[in-house]
């Protein structure tokens, strides 16, 4: 398409970014009857969802599971033809590697915040257990408009709860620091409950009770996909193309400008597109660069969003060599214990389809990297394999040589949600709302989990659709929702 070509019709929507957010937005827009073009800077679709293999076994090299008690991710998977490949974990029994031993992950918590001190012996000291019991006697803690998870929980239950229970769970989701992460943005249900309860443990027990009696509370909490969650964006991309959408990879957008007619001009390499609307589904730094000319206030806010980097180390073992692994799906590691890895997943135990593909192979995965950590991620791939094997041996006794290893690095992979994140997001959306035909979506806004990212994509698609003057009930709508 040349720069001199006449502007496209108002029904043309350009989506910038072909991660799961951009693909979900494109899928939704096609249901609304729009003509859709997706532009992706890299050479592949999928973003942080990536399917791969090790020693011939199909595995995920990015996120491996989806929250199943929200409808967006499993709904999109079914629409994309993956319904018969949805699989719950074969086991969801995880451990904590803390105080020199693998200990059962306590039940009855909300993101590591316990509702009772029961079953925490060994994880917490006697003093830490007693500190939880004092929560009911403390006066209400005013949390205002927002507060750091660690700050609030430590004030109510003590730092041990934060350091040994909350940190490993939040670290797995955000690769962040519990003492910086926003309670309102990261654990919104706990934030709301804490505003109406004097006791934090009582608030946790109420949330647990609501979850247990909810219509979706009886099914699996998480769901995977046979072949890997990384197959989801591939299936959605195929569906988008089959329905007439265009997806162009290797097409970094270099300019996004409003036109005199009220539409948008998008330059990507030697292509210049004209569209009635644009959905920007790129990470915050890239989105900031695209918006700098037309929406500098939003660009400034997005430029301040910080990211954490991490790496996943996949190791394949002969089954006989891996017999020392304990039961369960893996373990989390509190950073206070000074270990290098922050988690390990026994992938062949967790996902039955991996074990079925090669019964003589056991795949284990570790992760490293939290916000602010740079030294560990500066090591070469072999260095990351070596520290992973060292920690696995210390935790489980697994000392055998793996038959294959693979390191996947996610530089600036996870946006951070510090205190005040919700207010920043509101300001960004407020600035963007002044520009008709423009919407944003992705992990930088209302949740980093796959369902939350898809929900943000649906909201962005619905917004530009409604501005085009069409009805608000899309074809095949799988359900929406707010961020996590």
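The values are calculated or read from the model by the stated rules, or taken from the named source; none is laboratory data. On a predicted model such as this, the values are computed, not experimentally measured, just so you know. All Cβ positions, glycine included, derive from the backbone under ideal geometry; neighbour counts span all protein chains shown.
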*In this structure, is residue 229 over 21 Å from residue 454 (Cα atoms), buried (at least 21 other Cβ atoms within 10 Å of the Cβ) and in contact (Cβ under 8 Å) with a residue 12 or more places away in the chain?*
no
*Residue list for the stretch 105-130, restricted to those being in contact with a strand residue (DSSP E or B) (Cβ under 8 Å, 6 or more places away or on another chain) and under 13 Å from residue 153 (Cα atoms)*: 115
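Conditions tested, residue by residue: (1) surrounded by fewer than 17 Cβ atoms within 10 Å (Cβ to Cβ); (2) part of a helix (DSSP H, G or I); (3) out of contact with any helix residue (DSSP H, G or I) (no Cβ under 6 Å at 6 or more places or on another chain).
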site	(1), (2), (3)
134	yes, yes, yes
154	no, yes, no
160	no, yes, no
169	no, yes, yes
190	no, yes, yes
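Just one of 404, 399, 452 is modelled with pLDDT of 95 or more and assigned by TED's automatic domain parsing to the domain that holds residue 256; which is it?
452
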_I'd like to check something: does the stretch 437-445 contain any residue that is outside the structural domain of residue 330 (by TED's automatic domain parsing) and surrounded by fewer than 22 Cβ atoms within 10 Å (Cβ to Cβ)?_
yes
_Kindly evaluate residue 384 against the criterion of being under 25 Å from residue 145 (Cβ atoms), in contact with a strand residue (DSSP E or B) (Cβ under 6 Å, 6 or more places away or on another chain), modelled with pLDDT of 95 or more and outside the structural domain of residue 185 (by TED's automatic domain parsing)._
no
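The rows are residues; the columns are (1) modelled with pLDDT of 95 or more; (2) buried (at least 21 other Cβ atoms within 10 Å of the Cβ).
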residue	(1), (2)
33	yes, no
37	yes, yes
47	yes, yes
52	yes, no
60	yes, yes
75	yes, no
78	yes, no
105	no, yes
117	no, no
*Some residue of the stretch 192-199 being surrounded by fewer than 22 Cβ atoms within 10 Å (Cβ to Cβ), in contact with a helix residue (DSSP H, G or I) (Cβ under 6 Å, 6 or more places away or on another chain), without any contact (Cβ under 8 Å) to a residue 60 or more places away in the chain and more than 19 Å from residue 124 (Cα to Cα)*: yes
_Subset of the stretch 258-317 [under 30 Å from residue 61 (Cβ atoms) and without any contact (Cβ under 8 Å) to a residue 40 or more places away in the chain]_ = 269, 288, 289, 303
*Confirm whether residue 150 is under 28 Å from the mean Cα position of the chain (by Cα) and either at pLDDT below 95 or over 23 Å from residue 368 (Cα atoms) (or both).*
no
